[in-house]
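Chemist: After the structure tokens below, expect a handful of questions from me.
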Amino acid sequence: MIALIQRVKWAKVEVEKQIIGEIPTGLLVLLGVEQGDDESKADRLLEKVLNYRVFSDENGKMNLNVQQVNGHLLVVSQFTLAADTQKGLRPSFSKGASPQEAERLYTYFHQQASHRISTQTGQFAADMQVSLQNDGPVTFWLQV
């Protein structure tokens, strides 16, 4: 399971010109699900996302996590994170979970996150437009 996290001043996701998820300061989480991923991996990845120290403390050091700054999450499904780009000029998605399994784990991740922090989501398998103001920019690839 993969999360590409971006520290944002704000982020939103739209489907058919309608905003379906929007957050102020927090993390945009692009979530990819691979074959073999399960709830335990989702739980471990969520712990990492919630506790990863990417926000600055009073000394300008990245020592605070999203919860400590009262931030929010915007979780967006991104199957392309599971792509194999090692060969050729076209990505292979053979490592990705089936759409049904990816949706199930995406929903599970979002539900678990929403019990702990203010969380918004995109719409699984929709054509989404994601807008954000990356703060820093600060972007990290997390994988379990």
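The values are calculated or read from the model by the stated rules, or taken from the named source; none is laboratory data. Note that the structure is predicted; figures quoted are calculated from it, not measured. For neighbour counting, all protein chains shown are included, and Cβ atoms are generated from backbone atoms with ideal geometry for every residue, glycine included. Side chains included, ligands, DNA and RNA excluded: accessible areas come from the protein's heavy atoms. Shrake-Rupley method; radii C 1.70, N 1.55, O 1.52, S 1.80 Å.
Chemist: When a/c is below 1.5 the answer is rounded, else prolate if a/b is larger than b/c, else oblate, so apply that to the stretch 91-144 with a ≥ b ≥ c taken from the square roots of the Cα gyration tensor eigenvalues.
Modeler: In terms of gyration-tensor shape, oblate.
Chemist: Could you state the angle between the C-alpha long axis of helix 99-114 and the longest principal axis of the C-alpha atoms of the chain, as a value from 0 to 90 degrees rounded to the nearest 10?
Modeler: Between helix and principal axis, roughly 10 degrees.
Chemist: For ASP135, what charge total do you get from the other residues with a beta carbon under 11 Å from its beta carbon, if Lys and Arg give +1 and Asp and Glu give -1?
Modeler: Charge balance near ASP135 sits at +2.
Chemist: What accessible area per residue, rounded to a whole number of Å², is obtained for the chain using a probe radius of 1.4 Å?
Modeler: I get 55 Å² per residue for this part.
Chemist: Next question, about the same structure. Go ahead and estimate [θ] at 222 nm for the chain from helices alone: -39,500 (n - 2.57) per DSSP H run with n ≥ 4, summed, over the residue count, rounded to 500.
Modeler: Estimated from H runs of four or more residues: -6500 deg cm²/dmol.
Chemist: Each residue of the stretch 37-47 in turn: what ³J(HN,Hα) in whole Hz from Karplus with 6.51, -1.76, 1.60 and θ = phi - 60°, glycine and Pro shown as x?
Modeler: 6, 8, 4, 5, 5, 4, 4, 5, 5, 4, 4
Chemist: Scan the chain and hand back the longest stretch that contains none of the trypsin sites (Lys or Arg not before Pro) lying in DSSP loops with at most 15 other Cβ atoms within 10 Å.
Modeler: It runs 18-52.
Chemist: Charges at C-beta only: +1 for Lys and Arg, -1 for Asp and Glu. How large is the resulting dipole of the chain about its Cα centre, in Debye rounded to 20?
Modeler: My answer is approximately 320 debye.
Chemist: Summarise the accessible area of the chain (1.4 Å probe, protein heavy atoms) by the percent that is carbon and sulfur.
Modeler: 46
Chemist: If contacts are Cα pairs under 8 angstrom and at least 6 residues apart, what is the relative contact order of the stretch 1-59 in percent?
Modeler: 39
Chemist: Nearest 5 is fine: what % of DSSP beta bridges in the chain come out antiparallel, could you say?
Modeler: Looking only at bridges with both residues in the chain, the antiparallel portion is about 75 percent.
Chemist: Can you sort SER77, SER40 by 1.4 Å-probe accessible area, starting with the largest?
Modeler: The ordering from most to least exposed comes out as SER40, SER77.
Chemist: Under 12 Å from the Cβ of THR121, count the other residues' Cβ atoms, weight Lys and Arg +1, Asp and Glu -1, and hand me the total.
Modeler: -1
Chemist: Test of understanding: given the chain, find the longest segment containing no GluC sites (Glu not before Pro) that are in a DSSP loop and have at most 15 other Cβ atoms within 10 Å.
Modeler: Longest site-free region, per DSSP loop and neighbour criteria: 59-144.
Chemist: Hey, another quick one. Quick one: net charge around GLU101, please, counting Lys, Arg +1 and Asp, Glu -1 for every other residue with C-beta under 14 Å from its C-beta.
Modeler: -2
Chemist: Tell me the label only: which of [x] 0.95; [y] 1.03; [z] 1.22 is Cα Rg over 2.2 N^0.38 Å as calculated from this structure?
Modeler: For Cα Rg over 2.2 N^0.38 Å, the calculated option is [y].
Chemist: I need to check one value: relative contact order of the stretch 52-144, counting alpha carbon pairs closer than 8 Å and at least 6 residues apart, in percent.
Modeler: So the answer I get is 26 percent.
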